[in-house]
1. For segment 128-138, which residues satisfy the criterion of being more than 25 Å from the chain's Cα centre (by Cα) and outside any loop (DSSP other than H, G, I, E, B)?
2. Looking at (1) part of a helix (DSSP H, G or I); (2) surrounded by fewer than 13 Cβ atoms within 10 Å (Cβ to Cβ), can you tell me which one Leu40 breaks?
3. Among the residues of segment 162-190, write down those that are small (Gly, Ala, Ser), under 18 Å from Tyr218 (Cα atoms) and part of a loop (DSSP other than H, G, I, E, B).
4. Here is a list of conditions, (1) in contact (Cβ under 8 Å) with a residue 12 or more places away in the chain; (2) surrounded by 13 or more Cβ atoms within 10 Å (Cβ to Cβ); (3) farther than 23 Å from Asp231 by Cβ, and Pro215 meets all of them except one; can you say which number that is?
5. From the residues in segment 17-37 that are out of contact with any helix residue (DSSP H, G or I) (no Cβ under 8 Å at 6 or more places or on another chain) and among the polar types (S, T, N, Q), which one is surrounded by the most Cβ atoms within 10 Å (Cβ to Cβ)?
6. Looking at (1) surrounded by 17 or more Cβ atoms within 10 Å (Cβ to Cβ); (2) in contact with a strand residue (DSSP E or B) (Cβ under 9 Å, 6 or more places away or on another chain), which is the only condition Tyr9 fails?
7. Could you tell me whether segment 152-160 includes any residue that is touching a residue at least 24 places away in the same chain (Cβ under 8 Å), crowded, with 16+ Cβ neighbours inside 10 Å, in a loop (DSSP other than H, G, I, E, B) and not aromatic (Phe, Trp, Tyr)?
8. Among the residues of segment 1-40, which ones are within 20 Å of Thr72 (Cβ to Cβ) and modelled with pLDDT under 90?
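The values are calculated or read from the model by the stated rules, or taken from the named source; none is laboratory data. Owing to the predicted nature of the structure, the values given are computational and were not obtained by experimental measurement. Methodologically, a virtual Cβ is constructed for each residue, glycine included, from the backbone with ideal geometry; neighbour enumeration extends over all protein chains shown.
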Amino acid sequence: MAVNINPSYINLKISSSLSSFGSEKRYPSSVLIGELKGKLELVTGATASMMQLQLFDKDGKMICEVDNDEATLESYPVKDGYRIHVINKDPSQLGQFEDTSRVEKYEISEDEYSKRTDSVQAFKKRMKLGRFADKDPAAEAEAAAQLEEERLLAESIVVASRCEVSVAGGMARRGTVMYTGKTEFKSGYWVGVKYDEPVGKNDGSVGEKRYFTCPPKYGGFTKPKNVQIGDFPEENYSDDEM
């Protein structure tokens, strides 16, 4: 009668009360639980003599305590993909692998970092990625021309002028110009408008910066090209009009 001398193995997931990080290991099904604890000591950092083991199925349901050091792993209802959770009973070790307050921090100045050849920044420079990519002179010139055109248009719009704002795909809205110029919330030049109706998005402020003052929902910002200055009287709606 032939004897199989090759032990069978079980693939297990390992988790620990000492860390939120898990791992996957492969152990002989015939290993004694006492020996298994010694192996788990290397994986989790917990002390073997202070371990409490729990067995969970693939759905995360606890099956039993693995508490007999003289029993073999296969004597428990364990299957591939099951998880053994190691509870560390040594209070001096609780959370030590996730406490970064005792980890020495390595700091480097921005100037020193820029001189390194093995950094992410150095890699981006070599590969010409992100802000290190080659500039297209034609595209830069076109962008500069568009910005200058926008500036001149914004400067031609006088604060306190009546206006009508028309954005592609939307209805024309009338209001009063309250602000022109650059903003902190976005690049380029903008026109701040107090609308005649509550069709805006703010009260003249964006974030922590106030550009003008008006009731909530009456204020908005748009690009100069969307603004037409003229004699636009405020639209009044009587009770018999919709």
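1. Scanning segment 128-138 gives Pro137, Ala138.
2. With respect to (1) part of a helix (DSSP H, G or I); (2) surrounded by fewer than 13 Cβ atoms within 10 Å (Cβ to Cβ), Leu40 is out only on (2).
3. Hits for segment 162-190 are Ser166, Gly170, Ala172.
4. (2)
5. Among those that are out of contact with any helix residue (DSSP H, G or I) (no Cβ under 8 Å at 6 or more places or on another chain) and among the polar types (S, T, N, Q), it is Ser17.
6. (1)
7. yes
8. Val3, Asn4, Ile5, Asn6, Pro7
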